[in-house]
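Following: one structure in structure tokens, then a few remarks.
The values are calculated or read from the model by the stated rules, or taken from the named source; none is laboratory data. Keep in mind it's a predicted model, so treat the numbers as computed, not measured. Counting neighbours? That spans all protein chains shown, and the Cβs are built from the backbone with ideal geometry, glycine included. Calculation scope for accessible area: heavy atoms of the full protein, side chains included, ligands and nucleic acids excluded. Shrake-Rupley method; radii C 1.70, N 1.55, O 1.52, S 1.80 Å.
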Amino acid sequence: SQQGEEDPQALSIQEGENATMNCSYKTSINNLQWYRQNSGRGLVHLILIRSNEREKHSGRLRVTLDTSKKSSSLLITASRAADTASYFCATAQRSNDYKLSFGAGTTVTVRA
Amino acid sequence: SQTIHQWPATLVQPVGSPLSLECTVEGTSNPNLYWYRQAAGRGLQLLFYSVGIGQISSEVPQNLSASRPQDRQFILSSKKLLLSDSGFYLCAWSGSPDSLDFGSGTQLSVL
């Protein structure tokens with residue numbers, strides 16, 4: 001079953017702007033991960049944040065996690081046309097849980 | 001380095017025909033292997049996962065089955081396809097709980 005719910009479902013921004021998307025989940029988690037999917041391709045792992053972390057950075061990506069609200073956000077700064085893709089959050093409920101539950105994704109379009 | 005191969009990329013099959021999708025992983029041993037399905041514009045649904053040869057766990061009762069005849073080979077099958085089996089099928093592997101590496105996917109259209 002799907003654990004995460006992304007918001008918004010779709011986002012259109014101008015190149016250079018920031019893109020923010022949110023993920024809410026229902027049960028306690030060990031970690032939360034973000035993936036990117038280019039149209040018709042497989043998913044690529046972007047970043048992982050553990051339940052005891054509140055913020056993490058990787059290049060132009062910034063992820064926050066609020067376990068009290070059961071939510072996470074992904075911020076892409078200074079967006080580029082190549083960032084056009086669907087972004088999915090995925091949760092792992094236990095430390096040795098190899099099964100990830102994915103949300104429905106946010107489709108981001110970056111206009112040149 | 002590890003590589004995952006999934007084929008074919010696209011497949012059009014008539015209702016009632018059999019299905020066999022294959023996934024292989026290179027550069028690692030004893031990987032955890034997964035089959036996910038993605039309906040158009042939706043998230044991923046876990047279908048099967050395997051932690052070892054011959055060990056298959058099914059997440060959703062359905063018309064599909066999976067097998068792992070070799071350590072790095074994972075096969076998704078059906079004896080008779082249904083219209084509802086259409087979708088984008090993704091194979092993935094994991095050497096740790098921290099991330100999954102996905103294949104490039106198979107777009108299956110059942111007509």
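Some points to look at:
- Bridging of A:K70 to lysines at a Cα separation below 25 Å is possible for A:K26, A:K56, A:K99, once same-chain residues fewer than 8 apart are set aside.
- Net charge of neighbours whose Cβ lies under 11 Å from the Cβ of A:R50, counting Lys and Arg as +1 and Asp and Glu as -1: 0
- Contact surface B-A: accessible area buried, both sides summed, square angstrom, 1.4 angstrom probe: 1700
- Using a Förster distance of 41 Å, the FRET efficiency for A:K26-B:Q55 (Cβ separation, nearest 0.05): 0.90
- Whole-Hz ³J(HN,Hα) from phi, Karplus 6.51 cos²θ - 1.76 cosθ + 1.60, for region A:82-91, glycine and proline x: 5, 7, 4, 4, 9, 10, 10, 9, 9, 10
- Estimated inter-spin distance, A:E55 and A:T77, nm [label 7 Å along Cα→Cβ]: 1.0
- Considering region B:3-101, its Cα convex hull presents a mean projected area of 6.2 nm².
- Using the Karplus relation 6.51 cos²θ - 1.76 cosθ + 1.60 with θ = phi - 60°, the per-residue 3J(HN,Hα) values for region A:21-38 come to 9, 10, 9, 10, 9, 9, 10, 5, 10, 8, 8, 10, 10, 10, 10, 10, 10, 7 Hz, with x marking Gly and Pro.
- Average accessible surface area per residue within chain A, 1.4 Å rolling probe, Å²: 48
- Per residue, the accessible area of region B:60-111 comes to 42 Å² when a 1.4 Å probe rolls over the protein heavy atoms.
- Charge context of B:G16, other residues only, Cβ under 12 angstrom, K/R +1, D/E -1: +1
- The H on the amide N of A:T107, modeled in the peptide plane, is under 5 Å from the matching H of A:A10, A:L11, A:Y87, each at least 5 residues off or on a different chain.
- Measuring between their Cα centroids, region A:31-106 and region B:25-91 lie 23 Å from each other.
- Largest-first ellipsoid semi-axes for the protein assembly as shown, taking √(5λ) over the Cα gyration tensor eigenvalues, angstrom: 30, 20, 16
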